[in-house]
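Step one of this worksheet: look at the structure below.
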Amino acid sequence: MPETKKILFLAGDGIGPEVMGQVRRVMDWLAKEGRASFEVEEGLVGGCAYDAHGTPLHDDTMKLALEADAVMLGAVGGPKWDAELPFELKPERGLLRLRKEMELFANLRPALVFDALAEASSLKTDLVAGLDIMIVRELTGGVYFGEPRGITELTNGERRGVNTQVYETYEIVRVSEVAFDLAGKRGKRLCSVEKANVMESGLLWREEVTRISAKYPDIELSHMYADNCAMQLVRAPKQFDVIVTDNLFGDLLSDCAAMLTGSLGMLPSASLGAADATGIRKAMYEPVHGSAPDIAGQDKANPLATLLSFSMMLRYSFDMAAEADLVDDAVKDVLNDGVRTGDIMQPGMTLVGTTGMGDALIAAMEKRS
Ligand code: NAD
């Protein structure tokens, strides 16, 4: 009997509950097959949590997140809350609190182009077909958090806006170690990205990553300036395996790489924290997309980004590579069979809804087992 994994389910707002519902079905299927055992707790985050408790994340839910083996999240937000609520009560604050208190410092954003969808990319098909890169973005430091920050009034009547890019050694070391470990499980190449030519924090980043690389002799390390990396991502993206970079550059580069794949509905992500004594890291898995209020409640949302996030959970939190491969391969099968939700629809393919995509995925998993 496989060891029971404790998972906190935070479906959130908009299409969150619909896409997370498909994950539940896949989990039930894995349990029925005797391949996994899950204990699921459910909680509220975002606008729905505000409606129920007057806060986007209740302390009790935060506690559950800290106690869980992993957190699976749908999406938060919507016009109902975006416009009206003060900054500290906005749905996204729930997400930020989870990331902060779980200390999720490494954000993993794969950019994977499925053969069946290669034509959906804005780049030429041959540039992206077979693309499989992983961007590791530092998530809790850098210019988004550095002090001093703020807007001040100057005596001459003008105003001054300040943000500070700051990194300490431990922050660079821990995120680089995650990236080296990942590279070791993939193509064994790591590209570290900063602007060491103009920023001291970038120089420190480069020196620390180089120092740590001595611990990983089988990984080929290269360095690249962030502006060049942006160019290379659209010129020849397949040159990369794993990229590690800071919070700001990672924000930009991961969105850029994501769009090489063509659709928001296909993009998973993971955020990892420090490992405990048993080697288990705090972790949260979520699709990159938002709550898509325009299609919520209509059975139109593509659940594949969330299902691929779940497969990252199997792979990175639970070391269940065979089950993660099964989900990933089933996604490929479904796409190769021409099954499409509206966001990835192409002429001649079969249009299905959220539940229909879940049905097709489970059928594909059954066929492969
Ligand atoms: P969005 O990602 O929700 O939607 C952008 C567009 O992509 C919409 O047309 C939507 O229909 C489509 N789309 C997104 N996911 C899809 C899916 N799985 N299947 C099919 N189509 C999909 O971004 P937005 O419209 O800018 O934001 C909507 C709300 O979501 C806002 O309240 C925003 O603050 C919030 N948001 C939340 C997160 C998060 O929870 N991590 C991320 C981004 C935005």
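The values are calculated or read from the model by the stated rules, or taken from the named source; none is laboratory data. Fair warning: this is a prediction, and the values are worked out from it, not measured in the lab. Cβ: placed from backbone, ideal geometry, glycine included. Neighbour counts: every protein chain shown. For accessibility, only protein heavy atoms count, side chains too; no ligands or nucleic acids. Shrake-Rupley method; radii C 1.70, N 1.55, O 1.52, S 1.80 Å.
Taking the alpha carbon gyration tensor of the chain, multiplying each eigenvalue by 5 and rooting it gives semi-axes of 31, 26, 22 Å, largest first. With kT/(6 pi eta Rh) evaluated at 37 °C and eta = 0.692 mPa s, and Rh the Kirkwood radius from Cα pairs, region 132-260 diffuses with a coefficient of 214 µm²/s according to Stokes-Einstein. Of the cross-linked pairs 63/90; 124/282; 5/332; 195/215, those separated by over 29 Å at the C-alpha level are 124/282.
Rolling a 1.4 Å probe over the heavy atoms of the protein chains gives the chain an accessible area of 45 Å² per residue. Summing charges over all other residues whose Cβ lies under 13 Å from the Cβ of residue 355, with Lys and Arg as +1 and Asp and Glu as -1, gives 0.
A simple charge model with +1 on the Cβ of Lys and Arg, -1 on the Cβ of Asp and Glu and nothing else charged puts the dipole of the chain at about 520 debye relative to its Cα centre.
Candidates 296, 87, 216 compared by Cα position along the dipole of the chain: farthest toward the positive end lies 216, with charges placed on Cβ.
Measuring nothing but protein heavy atoms, the accessible surface of region 1-136 at 1.4 Å probe radius is 49 percent carbon and sulfur.
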